[in-house]
Amino acid sequence: MQPSMSRTLLVSVALCWGAGCAQPMVKDSAREQASIPSGPSDDRRILAGEWEYEDGAVVILTLDERGRGTYAWKDGRFDTTELTGRIWQGLWSQRENDREGGFSVEFSPDFSEGEGRWWYTRIGEDRSPSQKGGTFHLTRKNGSTAPAR
């Protein structure tokens with residue numbers, strides 16, 4: 001990851017991601033940053049539509065053609081920072097519980113589902129939280145189709 005991306009991930013106001021964001025986690029920022037690929041971004045319109053995020057419970061995510069959106073859990077918001085091949089990277093925040101972090105998803109070849117992980121970059125005033133993130137499964141909802149790639 002480029003130094004500017006690293007600072008952005010750790011300092012930017014992150015936008016939201018999933019019900020699991022409220023669970024505790026330990027952040028290993030060196031490992032998280034090293035695993036995020038860099039390169040030219042692909043067409044984000046593939047992300048548009050409704051998605052089921054499953055991490056114990058199911059939460060519906062709604063994304064626009066830029067990969068930005070919201071979800072109902074804790075007034076959640078999220079933003080895409082990069083889509084390269086089948087790897088989707090982004091930031092999340094939850095206003096109600098004052099948390100933010102990052103996420104990474106690897107999609108199936110047809111972009112109908114993906115396996116992801118999330119982590120914290122801030123909890124309240126703590127910008128180096130020791131709480132751990134988690135993993136999740138993402139599935140495109142029926143009737144929500146991706147544009148042709």
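The values are calculated or read from the model by the stated rules, or taken from the named source; none is laboratory data. Please read all numbers here as calculations on a predicted model, not as lab measurements. Here the Cβ positions follow ideal geometry from the backbone for every residue, glycine too, while neighbour counts run over all protein chains shown.
Any residue at all in the stretch 61-68 that is of a type in the set (Lys, Arg), out of contact with any Asp or Glu (no Cβ under 9 Å at 6 or more places or on another chain) and either at pLDDT below 95 or assigned to a helix (DSSP H, G or I) (or both)?
No, every residue in the stretch 61-68 fails to be of a type in the set (Lys, Arg), out of contact with any Asp or Glu (no Cβ under 9 Å at 6 or more places or on another chain) and either at pLDDT below 95 or assigned to a helix (DSSP H, G or I) (or both).
Got a number for residues in the stretch 114-125 being within 19 Å of GLU52 (Cβ to Cβ) and of a type outside the set (Gly, Ala, Ser)?
3
Would you mind telling me which numbered condition in (1) touching a Gly at 6+ places or on another chain (Cβ under 9 Å); (2) over 26 Å from ASN142 (Cβ atoms); (3) among the acidic types (Asp, Glu) GLU125 fails?
Result: GLU125 fails condition (1) only.
Can you work out which of the residues in the stretch 82-114 that are touching a helix residue (DSSP H, G or I) at 6+ places or on another chain (Cβ under 7 Å) and polar (S, T, N, Q) is surrounded by the fewest Cβ atoms within 10 Å (Cβ to Cβ)?
ASN97
Looking at THR81, is it in a strand (DSSP E or B), at pLDDT below 95 and among the polar types (S, T, N, Q)? It would help to see each step written out before you state the result.
Details: in a strand (DSSP E or B): yes; at pLDDT below 95: no; among the polar types (S, T, N, Q): yes.
So THR81 fails the test.
Among all residue pairs at least 6 apart or on different chains, which show Cβ distances below 6 Å where the first residue, located in the stretch 85-104, is among the basic types (Lys, Arg) and the second is not in a strand (DSSP E or B)?
Qualifying pairs under 6 Å: ARG95/ASP75.
Restricting the first residue to the stretch 117-138 and requiring it to be farther than 20 Å from LEU63 by Cβ, which pairs with a second residue that is part of a strand (DSSP E or B) and aliphatic (A, V, I, L, M) meet a Cβ separation below 6 Å and a spacing of at least six or different chains?
If the second residue must be part of a strand (DSSP E or B) and aliphatic (A, V, I, L, M), the pairs left are PRO129/ILE123; SER130/VAL26; LYS132/VAL26.
I'm trying to understand the selection: among the residues of the stretch 93-113, which are modelled with pLDDT of 95 or more, more than 20 Å from GLY49 (Cα to Cα) and either among the acidic types (Asp, Glu) or not in a strand (DSSP E or B) (or both)?
Selection gives GLU100 alone.
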